[in-house]
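Asker: Structure in structure tokens, see below.
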Amino acid sequence: MNRRNFLKLAGGGIVLAAGSAGLFAATRTPDKALAPWGLIGSYDDPRKNALSHAILAPNPHNRQPWIVSLEGDDGLTLYFDTDKQLPHTDPFDRQLTIGLGCFLELMRMAANADGYDVAITLFPEGEDMAGLDNRPIATAAFTKGAVTRDPLFDHMLDRRSNKEPFDTGRTVSPDALARILTVARQTEIGGSIDSDDIAYWRQLTSAALTIEVETPHTYKESVDLMRIGKAEVNANPDGIDFSGALFEALALAGVMTREALLDPNSTGFQEGMKAVLANTETAMGHLWMVTPTNTRRDQIAAGADWLRVNLACTAEGLGFQPLSQALQEYPEMAEIYQETHQRLAPAGGTVQMLARIGYGPNVAVSPRWPIEAKIGTV
């Protein structure tokens with residue numbers, strides 16, 4: 001078995017990790033990667049039910065960096081899969097830790113909706129800010145309680161990162177933004193739909209994305225994780241999805257190959273750059289998250305609240321796409337990283353996340369599987 005296809009449950013089987021998927025032409029749907037979707041929440045063990053939801057959590061580059069061990073009848077331990085690190089774009093595992101926070105929050109929400117309380121203990125054996133290792137990220141104990149369904153949980157199946165241009169003719173309402181800014185529980189969420197701010201952040205996030213793509217080692221990290229076409233998605237249902245008839249045709253034509261994508265002079269590279277900049281340049285508002293310090297616990301809390309913000313945008317019918325490039329901690333990004341922090345955290349603290357919002361294709365009626373879909377069955 002390819003270990004990237006599974007969420008390991010050391011104490012009781014495995015949970016298939018279904019692949020990232022967008023809207024596919026019918027004949028090019030990666031059915032093998034999507035098969036586990038039909039079995040979400042269908043287990044007798046409440047821990048497995050919660051985990052079958054948790055692996056839908058957003059995470060950097062769709063790395064799905066989680067390993068879970070079931071402990072006894074009511075406990076589990078979450079570990080970090082050290083094979084899933086992103087050494088060039090996330091050298092300190094900050095973003096991956098945020099993804100683990102998203103996982104824990106969605107697990108908790110699912111358990112609560114199923115009538116279970118979850119007591120989570122973070123980093124019971126300590127942590128290292130230089131990077132994650134084999135020590136536990138968290139332990140969790142499940143106990144029977146009252147059914148408590150968070151309203152945001154109702155939108156988990158529709159949540160996705162919308163990687164398409166937004167409609168610049170549709171503005172985001174102040175009321176919608178105000179509602180979104182209320183859902184965080186542990187961190188400071190900010191946002192703006194002011195036209196001057198939109199122009200500023202469009203320019204900065206476009207510049208940051210250009211730096212990442214034009215820096216060979218950071219861009220290659222992404223290209224290496226691209227899954228082009230049905231066969232690749234089914235074989236490795238993680239990473240960055242490029243499935244569907246169009247992408248497969250481009251690959252067959254030699255336009256969309258890894259070699260072409262890495263060549264700045266190729267049509268594939270140039271058209272790819274136009275496509276990603278079309279996203280940043282059509283943002284109709286921006287959201288961000290700041291924590292006063294930057295501990296591992298801060299990063300877990302950031303993940304929990306970022307999931308909630310994403311779900312809140314889904315509830316409003318808004319498209320949502322994280323724009324993490326400006327917050328990445330490698331030398332080529334240092335100037336933009338500093339500018340972002342001066343703008344959003346002038347008194348100190350760490351800007352943990354940044355995203356664009358707006359209306360666009362596939363927002364009002366989201367696909368059944370999100371871009372970062374990871375769901376499964378034991």
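The values are calculated or read from the model by the stated rules, or taken from the named source; none is laboratory data. On a predicted model such as this, the values are computed, not experimentally measured, just so you know. Reconstructed Cβ throughout: ideal geometry from the backbone, glycine too, with neighbour counts over all protein chains shown. The accessibility values were calculated without ligands, DNA or RNA, using every heavy atom of the protein model including side chains. Shrake-Rupley method; radii C 1.70, N 1.55, O 1.52, S 1.80 Å.
Asker: Does Glu188 fit the bill of being open to solvent by less than 60 Å² (accessible area, probe 1.4 Å) and either modelled with pLDDT under 95 or touching a strand residue (DSSP E or B) at 6+ places or on another chain (Cβ under 9 Å) (or both)?
Answerer: It is false that Glu188 is open to solvent by less than 60 Å² (accessible area, probe 1.4 Å) and either modelled with pLDDT under 95 or touching a strand residue (DSSP E or B) at 6+ places or on another chain (Cβ under 9 Å) (or both).
Asker: Taking Glu232 and the conditions (1) free of Cβ contacts under 8 Å to residues at least 24 places away in the same chain; (2) buried (at least 20 other Cβ atoms within 10 Å of the Cβ); (3) charged (D, E, K, R); (4) within 19 Å of Leu277 (Cα to Cα), which numbered condition does it fall short on, given that it satisfies the others?
Answerer: Unmet condition: (4).
Asker: On to the next question. Given the criterion surrounded by 18 or more Cβ atoms within 10 Å (Cβ to Cβ) and within 27 Å of Asn236 (Cβ to Cβ), identify the matching residue among Thr89, Thr82.
Answerer: The unique qualifying residue is Thr89.
Asker: If I ask for residues that are open to solvent by 10 Å² or more (accessible area, probe 1.4 Å), out of contact with any Leu (no Cβ under 7 Å at 6 or more places or on another chain) and closer than 12 Å to Thr187 by Cα, which ones from segment 276-300 would you list?
Answerer: Matches in segment 276-300: Pro292, Thr293, Asn294, Asp298.
Asker: Pairs under 8 Å by beta carbon, first residue in contact (Cβ under 8 Å) with a residue 12 or more places away in the chain in segment 139-158, partner in a strand (DSSP E or B) and of a type in the set (S, T, N, Q), six or more apart or different chains?
Answerer: Listed by first residue and then by second, the contacts come to Thr139/Thr77; Thr139/Thr121; Ala140/Thr77; Ala140/Thr121.
Asker: Whether any residue in segment 144-159 is modelled with pLDDT under 95 and open to solvent by less than 40 Å² (accessible area, probe 1.4 Å) is what I want to check.
Answerer: yes
Asker: Okay, moving on. Any idea which residue in segment 301-342 is farthest from Phe166 (Cα to Cα), counting only those that are open to solvent by 40 Å² or more (accessible area, probe 1.4 Å) and free of Cβ contacts under 8 Å to residues at least 24 places away in the same chain?
Answerer: Pro331
Asker: Which condition does Asp241 not pass, out of (1) free of Cβ contacts under 8 Å to residues at least 24 places away in the same chain; (2) touching a Ser or Thr at 6+ places or on another chain (Cβ under 9 Å); (3) of a type in the set (Asp, Glu), if it passes all the others?
Answerer: Result: Asp241 fails condition (1) only.
Asker: Taking the residues in segment 114-138 that are in contact (Cβ under 8 Å) with a residue 60 or more places away in the chain and assigned to a strand (DSSP E or B) as candidates, determine which candidate is farthest from the chain's Cα centre (by Cα).
Answerer: Tyr116
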